[in-house]
1. Could you list, in sequence order, the residues of the stretch 401-420 that are in contact (Cβ under 8 Å) with a residue 40 or more places away in the chain and open to solvent by 20 Å² or more (accessible area, probe 1.4 Å)?
2. Test residue 95 against the criterion of being within 16 Å of ligand 1 (Cβ to nearest atom), open to solvent by less than 40 Å² (accessible area, probe 1.4 Å) and polar (S, T, N, Q), and give yes or no.
3. Report, by residue number, each residue of the stretch 109-138 that is under 30 Å from residue 174 (Cβ atoms) and in contact with a Phe, Trp or Tyr (Cβ under 8 Å, 6 or more places away or on another chain).
4. Among the listed residues 597, 562, which satisfies the condition of being in contact (Cβ under 8 Å) with a residue 60 or more places away in the chain and loosely packed, with under 14 Cβ neighbours inside 10 Å?
5. Tell me which strands (runs of 3 or more DSSP E) are completely within the stretch 607-670 and hold 2 or more residues being of a type outside the set (A, V, I, L, M, F, W, C), or say none if there are none.
6. I need the full set of residues from the stretch 124-154 which are free of Cβ contacts under 8 Å to residues at least 24 places away in the same chain and buried (at least 17 other Cβ atoms within 10 Å of the Cβ), in order please.
7. Tell me, which residue of the stretch 346-388 that is over 28 Å from residue 402 (Cα atoms) and assigned to a strand (DSSP E or B) is farthest from the chain's Cα centre (by Cα)?
Amino acid sequence: MSEMLKISLPDGSVREVPRGTTPADIAAAIGPGLAKAAIAARVDGELRDIGRPFEGDAQLALVTQRDEADALELARHDFAHILAEAVQKLFPGTQITFGPSTDDGFYYDFAPAPGRGPFTDEDLPAIEAGMRRLIAADQPLVREVWSRADLIARWQAQGESFKAEWAAELPEGEELTVYRAGAGDNAWLDMCRGPHLASTGKLDPAAFKLTRVSGAYWRGDQANAMLSRIYGTGWLSKKQLDAHLVRLEEAAKRDHRKLGAEMDLFHLQAEAHGSVFWHPKGYMVWRQLEAYMRRRLDAAGYVEVKTPQVMDARQWEKSGHWGKYRENMFVIPDEVPNTEDEGPVISGEADWMALKPMNCPAHVLIFKQGITSYRDLPLRMAEFGCCHRNEPHGALHGIMRVRQFTQDDAHIFVREDQLVDEVRAFCDLLDSVYHDLGFDSYAIKLALRPEKRFGSEAMWDQAEQELRDAVAVSGRATEAYGWEELPGEGAFYAPKLEFHLTDAIGRTWQVGTIQSDRVLPERLDAHYIGEDGEKHRPVMLHRAILGTFERFIGILIEHHAGKLPVWLAPVQAVVATIVSDADDYAERVKTRLKSAGIRVEADLRNEKINYKVREHSLQKVPHLLVVGKREAEEGTVAIRTLGEQHQRVMPLDEAIALLVGEATPPDLRA
Ligand SMILES: [Zn+2]
Ligand SMILES: [Zn+2]
């Protein structure tokens, strides 16, 4: 008599089935519609193959295409396998290594056959065709459990040295699984945890596209072999793919690196990897943004400080950063290097110092100077703090991901009884800043305690609940704000609220954050004197609204497609002449605008007006004031506004009033 298993379904019903039954069997027993729609299963919460037998009593939820996140993950993983199989069939001798799913698709790393050289974009059409043949063949994807010895032997026999190396190193006790595509001698195997769709034919052959090829080191280590990485984007339908390709095209047009060069805002070069060279126009945007933030912070009761760039390594040990952050810190020996012909030589015996990767410990050191009373709290200490983090070169991206950056950082020292109110006030300030900067939509998430953490359970319970309460009190713990909790995603010392902006083309960017930290005040022994005359620990709120100036300006450029709000635009108006007869008048117009506080230039070059218009449009100058003989005689200007077809002729005074209105930062408008 076979043993019976109890399978509970989401509707609360329980089915008794014999051992060996699969989720697919249950779907079929429920009905032919579900049997067709079910593509995978969640068994006790874990995503699994639809054809994998239950191992005991279980909770079952069938997964269909409507469970989009799961369906996409499965499809992308399948695309990666099919990519690998297609490449090996087309290019015998290629070794396979690894290929995960990504945010919009998948990639796979290959070691090309000796003498062949890396793959190139020219190979992609043939590989795509090969993938479509495999999808058309509708091969079953079957999960198999192998012994380590058999697996290593199989890879070695096939000349798959990377796979053999990996199989030998998988942790003891881990079940080693292989997915078999196709049958007989023609079967193709990959070592993989799964899960997968039941067969290759479940994929839509029109829902993927191979996008590019790049180099990648085996296991991400420069000391290892260079592999060829083929990227693709993969979706559930052609419609989804097409929408994604349109988004990519739109994103490419808005790319801050492209616009940054066209608008002459900044550049990067290898002599300072990941550190931005701000040009005058780019730095004007920065200055406007910084001045705006400073006014907002002043009005919200913050004090501003400036702290050292370099501190003794022992200070970083005390704060815990040396332990957790060392790999990302730039260290400096505290000595004069010996200069020899080969360059500076250091003894290695001097004390070590480090460039600050964050501002928090320095702010605690200021807090600890003198005596702080409970009446002095909350103390809101802000710094536009320049920090350095040693990110690997491969992780850098334009001005969005850099090694030197300036945070709009602040630490708020509060008493326990002030915490919820203070976090709510922060939420209100951040909301107002985002709207001022042209973002109408953002999401709020609460990142909860991670697996590895400092502090007691009681501390985490309290800290999480306070942040939850603060968002609720602010009226934003709602669907409209994308409110959700993210288990396991908090910092090791504190839970945090994350604020994710949605940009004009629907992408999201995590920028703002507030973390409620009871660990660092303890480690660095910060205290205040309470009403009772005793010493108490303050709670420290780490918070930022923009995140960093570099990344936020990158986001602003992409969100506005370079057409920054007039108050942030580096050049707000250009006075352009049609004929040289108007030169004197143009200069007078420029002077008037300048004294009204407008950032203005004059373009008196002997060029056709259409040429001038094109050039200043490319620079995204918001307003072009065109002047000719007639305008000079009548004291008018013809205004051409970026993105508008028609020009408006108006008296100079009226034009100045219009520009001054638009150029006034939102917090200074009446
Ligand atoms: Zn796989
Ligand atoms: Zn901090």
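1. Taking the stretch 401-420 first, the residues in contact (Cβ under 8 Å) with a residue 40 or more places away in the chain are 401-416, 418-420.
Answer for the stretch 401-420, where residues must be in contact (Cβ under 8 Å) with a residue 40 or more places away in the chain and open to solvent by 20 Å² or more (accessible area, probe 1.4 Å): 401, 403, 404, 407, 415, 416, 418, 420.
2. Values: within 16 Å of ligand 1 (Cβ to nearest atom): no; open to solvent by less than 40 Å² (accessible area, probe 1.4 Å): yes; polar (S, T, N, Q): yes.
The answer is no for residue 95.
3. Within the stretch 109-138, the first condition is being under 30 Å from residue 174 (Cβ atoms), and the residues that meet it are 109-112, 131, 134.
Within the stretch 109-138, 109, 110, 111, 112, 131 meet the criteria.
4. Numbers: 562 fails: loosely packed, with under 14 Cβ neighbours inside 10 Å.
None of the other options fit; the residue is 597.
5. On the way: elements: 623-627, 636-641, 647-651.
Answer list for the stretch 607-670: 636-641, 647-651.
6. 152
7. 373
Residue-wise test of (1) farther than 27 Å from residue 144 by Cα; (2) in contact (Cβ under 8 Å) with a residue 12 or more places away in the chain; (3) among the polar types (S, T, N, Q).
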site	(1), (2), (3)
172	no, no, no
176	no, yes, no
213	yes, yes, no
223	yes, no, no
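The values are calculated or read from the model by the stated rules, or taken from the named source; none is laboratory data. Note that the coordinates shown come from a computational prediction; the quantities given were computed from them, not determined experimentally. Positions of Cβ are backbone-derived with ideal geometry, glycine not excepted, and every protein chain shown enters the neighbour counts. Just so you know, the surface numbers come from the protein's heavy atoms only, side chains and all, with ligands and any DNA or RNA stripped out. Shrake-Rupley method; radii C 1.70, N 1.55, O 1.52, S 1.80 Å.
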